[in-house]
Amino acid sequence: MSELNNIVLKILGNGKGILAADESTGTMTKRLDSVGVPSTPENRLQFRETLFSSSSMKECIGGVILYDETIKQETSKKNKIPELISKMGSAPGIKVDTGAKVLASSPNEKITEGLDGLRERLKEYYKLGAKFTKWRGVYNISKSYPSKLSIHVNAHALARYSALVQECYMVPIVEPEVLMDGEHSAKECYEKTSEVIKKCFEELILHKVDLRGIILKPNMILAGNTSREKTPNEEIAKLTLECLKNSVPSEVPGIAFLSGGQTEIEATENLNLINKYNNTHFIMSYSYGRALQQSALKFWSKDIKNIEGTQKVFNHRAKMNTLAAQGKWSKDLENK
Ligand code: 5MM
């Protein structure tokens, strides 16, 4: 099992983080529509290949989460995508859930599916070169949500998934995302997130998952995006640390945050403060989708042949987040 721990340290060591490029075709189509580029398999590949061959893959990006379509695609030079990622010094990973569906008995909530046939799919992904995997449970906050039912069933699914993944020699990323949508306060986010994470670990332990061989991918503790509350960044960092210190067992080696709809700068600034104040032994890094790709996507959409320019934009964001993962970022570095 220490093999799995080594994979975690390779992905998250020395300030490295994860590029979450596992948008399903539906989500990727929305992203491409927003910048006016047609969502074809070729365009999806071209943007992703541009990122995966950037120089920051060596220095900053320890792992890339792929979607099923991408892990099976070939680059313009006829290499397999996981080979390109490994050649760049990073680890290929794969999203293995099949999406969040309406939860029976609580139709305003979601349960993530994908356990049927998972053992067989994992073997196939392992052969394709995957070293780690991802499964995301989603929870919304309101007066009555997340319900006990959604907290329980999503934790159960995350644990069954994790046990199967470790059986197949890969590291599971456990992603319980408490969404930012809503009017809730940071305090409510703190309470609900703590409950969600504690339940996940209760189930992971019950399913005998080796906690030294997982990565937790949580949300930061933030007020809802329509809340009137403005939480200072220092407070976000302190609440986030407090929540994780009280709900994550000490065996877990690494935590990699999702960005969850924060702007690129917010996600970097909050990660930096979390690392400045980090009084735990957990590695605190990033596994960002939007907060790593937004500017690069915008730049690329203006001229999809400008690979070098797009890579420059992406390299900058990756560098800023890798500094933040070591508490070494400051705002003035953004303009250098
Ligand atoms: C990259 O987006 C991921 C997949 O989304 P869909 O399955 O809905 O298409 C998503 O799970 C992502 O990995 C995490 O939410 C983190 O991304 P952000 O943008 O929140 O950092």
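The values are calculated or read from the model by the stated rules, or taken from the named source; none is laboratory data. None of the values given here were measured: they were computed from a predicted structure. A quick note on method: Cβ atoms are made from the backbone with ideal geometry, for glycine too, and the neighbour counts reach across all protein chains shown. We work out accessible area using only protein heavy atoms, side chains counted, and drop any ligands, DNA or RNA first. Shrake-Rupley method; radii C 1.70, N 1.55, O 1.52, S 1.80 Å.
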Original post:
Of the residues Leu45, Leu4, Leu32, which single one is of a type in the set (A, V, I, L, M) and out of contact with any Lys or Arg (no Cβ under 9 Å at 6 or more places or on another chain)?
Top reply: Leu45
Original post:
Is it the case that some residue within segment 239-248 is of a type outside the set (Lys, Arg), open to solvent by less than 60 Å² (accessible area, probe 1.4 Å), farther than 15 Å from Ile197 by Cβ and away from the ligand (no atom under 11 Å from the Cβ)?
Top reply: no
Subject >> Exclusive hit being within 27 Å of Gly62 (Cβ to Cβ), open to solvent by 10 Å² or more (accessible area, probe 1.4 Å) and not in a helix (DSSP H, G or I), set Met180, Met220 >> reply: Met180
**OP:** Could you please find all residues in segment 141-171 being open to solvent by 50 Å² or more (accessible area, probe 1.4 Å), assigned to a helix (DSSP H, G or I) and under 29 Å from Lys123 (Cα atoms)?
**Re:** His152, His156, Arg160, Glu167
Original post:
Would a scan of segment 1-21 turn up a residue that is of a type in the set (A, V, I, L, M, F, W, C), open to solvent by less than 10 Å² (accessible area, probe 1.4 Å) and more than 19 Å from the chain's Cα centre (by Cα)?
Top reply: no
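Please specify each residue of segment 275-323 satisfying the condition of being among the charged types (D, E, K, R) and either open to solvent by 40 Å² or more (accessible area, probe 1.4 Å) or in a loop (DSSP other than H, G, I, E, B) (or both).
Lys276, Arg290, Lys298, Lys302, Asp303, Lys305, Glu308, Lys312, Lys319
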Subject >> Qualifying positions in segment 126-140 - open to solvent by less than 40 Å² (accessible area, probe 1.4 Å) and within 16 Å of the ligand (Cβ to nearest atom) >> reply: Ala130, Phe132, Thr133, Lys134, Trp135, Gly137, Val138, Tyr139
Original post:
Name the residues in segment 93-119 that are at positive phi, more than 12 Å from the ligand (Cβ to nearest atom) and touching a residue at least 40 places away in the same chain (Cβ under 8 Å), would you?
Top reply: Ser105
Subject >> Scope segment 35-49; condition among the charged types (D, E, K, R) and open to solvent by 30 Å² or more (accessible area, probe 1.4 Å); matching residues >> reply: Glu42, Glu49
Original post:
Going by the conditions given, is Asn5 in a helix (DSSP H, G or I), in contact (Cβ under 8 Å) with a residue 12 or more places away in the chain and either of a type in the set (D, E, K, R) or under 21 Å from Asp303 (Cβ atoms) (or both)?
Top reply: no
**OP:** Scan segment 83-110 residue by residue and report those that are open to solvent by less than 40 Å² (accessible area, probe 1.4 Å) and over 18 Å from the mean Cα position of the chain (by Cα).
**Re:** Leu84, Met88, Gly89, Leu103, Ser106, Glu109
Subject >> Exclusive hit being among the aromatic types (Phe, Trp, Tyr), more than 12 Å from the ligand (Cβ to nearest atom), free of Cβ contacts under 8 Å to residues at least 24 places away in the same chain and at negative phi, set Phe299, Phe282 >> reply: Phe299
Original post:
If you go through segment 249-279 one residue at a time, how many are among the small types (Gly, Ala, Ser) and away from the ligand (no atom under 11 Å from the Cβ)?
Top reply: 2
**OP:** Determine, yes or no, whether Phe47 is closer than 23 Å to Asn14 by Cβ, of a type outside the set (A, V, I, L, M) and at pLDDT 95 or above.
**Re:** no
